[in-house]
1. Could you grab the pairs with beta carbons closer than 8 Å, sequence gap of 6+ or different chains, first residue in the range 14-40 and closer than 23 Å to ASP65 by Cα and touching a residue at least 40 places away in the same chain (Cβ under 8 Å), second one among the hydrophobic types (A, V, I, L, M, F, W, C) and assigned to a strand (DSSP E or B)?
2. Based on this model, can you work out whether ARG262 counts as surrounded by 10 or more Cβ atoms within 10 Å (Cβ to Cβ) and at pLDDT 80 or above?
3. From the set of residues in the range 127-151 that are among the charged types (D, E, K, R) and surrounded by fewer than 13 Cβ atoms within 10 Å (Cβ to Cβ), which is nearest to TYR168 (Cα to Cα)?
4. Out of VAL150, VAL208, report the one residue that is of a type in the set (A, V, I, L, M) and under 20 Å from GLU269 (Cα atoms).
5. So, in the range 176-197, exactly how many residues are in contact with a helix residue (DSSP H, G or I) (Cβ under 8 Å, 6 or more places away or on another chain) and either surrounded by 15 or more Cβ atoms within 10 Å (Cβ to Cβ) or under 30 Å from PRO156 (Cβ atoms) (or both)?
6. Go through the range 156-172 and give me each residue that's surrounded by 15 or more Cβ atoms within 10 Å (Cβ to Cβ) and not in a loop (DSSP other than H, G, I, E, B).
7. Could you please let me know if LEU190 is within 27 Å of the chain's Cα centre (by Cα) and not polar (S, T, N, Q)?
8. Show me the helices (runs of 4 or more DSSP H) found entirely inside the range 194-251 where at least 2 residues are farther than 30 Å from GLY149 by Cα.
Amino acid sequence: MKTIIQQNERGLLYKNGKFIKVLQPGKYSEPRLWGRYIEVVEIHEAIYGDRIDYCNLLKNASFADAVVNFVIEDGQVGVLFLNGRLYAVLHPGDNFYFKDLGQLVVKTFDLTNLKIEGLTYSQQRELPENTYYKYVVGNGHIGLLMIDGVLIEELPPGTHYYWQVDGYNVSCNIVDLRIQDLDINSQEILTADKVAVRINFTSSFKVVDAVKIHNEIKKFKEQLYSLTQLVIREYIGKFTFDELLDQKEALSTGILALLQTRSKMLYVEFMACGILDIILPGEVRSIMNTVLIAKKQAEANVITRREETASTRSLLNTAKLLDENATLYKLKELEHIERIALNVSNISVGGGNLLSELKKVVSKE
């Protein structure tokens, strides 16, 4: 049987199940009737022949001269560099590579510390994806690294790499330390006089101690939401409906002070808060609208009466002036005649022309 070994391949020759030697690139004819068999392997891969007896491999001079064995101890991981570049990650045990591949160097790492150290950032990025965990912590955040459920360390902003090893459960909880919003919408509350209103509320807070939140508080955001709800109910429930409408802006200050006191047990700090809307029930809204319309109508009536009084007073003052001054009275007559003349072209009364008669009267005087 003919076998062709390419330039990037090597052959492992067996006879009756026993390894004989390493074959270089070329054409080979090994009849199976003699119990000879050639296994072709890639030169750029670790040697994992399906018939290799790893205990006796290095006793064979041909194999020992052709390969290099990197032994990785338990609790370690090896990084193989080929011609100065990261090539592969080696696991505990024997790792055979052909010498013809190039200049091979291995750097070992102790897995008592799973954090990948001793590699440059570009080398970390070249690691095979199934050999590491990658956690990216953004600005204004903190990462809580946990191994087997135990908090190990706090990770500052940046990119962090950890070895992926069987038997270890590695995870990272990223916490936002920036100011965040917490909105509570359509919260129904009874006032002191038993009027049901709905409140739209907004607030802003920031995390003070991420580690204590992780260690001591379960479902942190749900508890923070519930706490805010209770504070709003407790504070607003002290006021009557009318007081609530009159002191809408001032209520925010009182609620904020109460939230700042209560939220310390959740390791957060409230920065600001405010009531966005007070939504009234349908029947109360109708009553309020009726009251508002009546109030505005009364104000309009007062304004109308005031203007009428002012107008009457002005007429009275004008009449007094006309009565006391004949010339002013005549000027007023002429003003009205002028208006008539500008708007009426011809007026006939009893067959005569009223405008002509008025002109005669004016000319005589």
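The values are calculated or read from the model by the stated rules, or taken from the named source; none is laboratory data. Treat the numbers as computed from the prediction; the structure is a model and nothing was measured. All Cβ positions, even for glycine, are placed from backbone atoms using ideal geometry, and neighbour counts span all protein chains on display.
1. Final answer for the pair search is PHE19/LEU12; PHE19/LEU13; ILE20/LEU13; LYS21/LEU13; VAL22/LEU12; VAL22/LEU13; VAL22/VAL67.
2. Details: surrounded by 10 or more Cβ atoms within 10 Å (Cβ to Cβ): yes; at pLDDT 80 or above: yes.
When the stated conditions are applied, ARG262 passes them.
3. As a first pass, look at the range 127-151 and keep what is among the charged types (D, E, K, R): 129, 134, 148.
When the remaining residues are screened for being surrounded by fewer than 13 Cβ atoms within 10 Å (Cβ to Cβ), the result is 129, 148.
Details: GLU129: 17, ASP148: 6 Å.
Filtering the range 127-151 for residues that are among the charged types (D, E, K, R) and surrounded by fewer than 13 Cβ atoms within 10 Å (Cβ to Cβ), the one nearest to TYR168 (Cα to Cα) comes out as ASP148.
4. Working: VAL150 fails: under 20 Å from GLU269 (Cα atoms).
Residue meeting the stated conditions: VAL208.
5. Residues flagged as in contact with a helix residue (DSSP H, G or I) (Cβ under 8 Å, 6 or more places away or on another chain) and either surrounded by 15 or more Cβ atoms within 10 Å (Cβ to Cβ) or under 30 Å from PRO156 (Cβ atoms) (or both) within the range 176-197 amount to 8.
6. Scanning the range 156-172 gives HIS160, TYR161, TYR162, TRP163, VAL170, CYS172.
7. Values: within 27 Å of the chain's Cα centre (by Cα): no; not polar (S, T, N, Q): yes.
When the stated conditions are applied, LEU190 does not pass them.
8. Values: elements: 210-216, 220-236, 241-246.
Here the list reads 220-236, 241-246.
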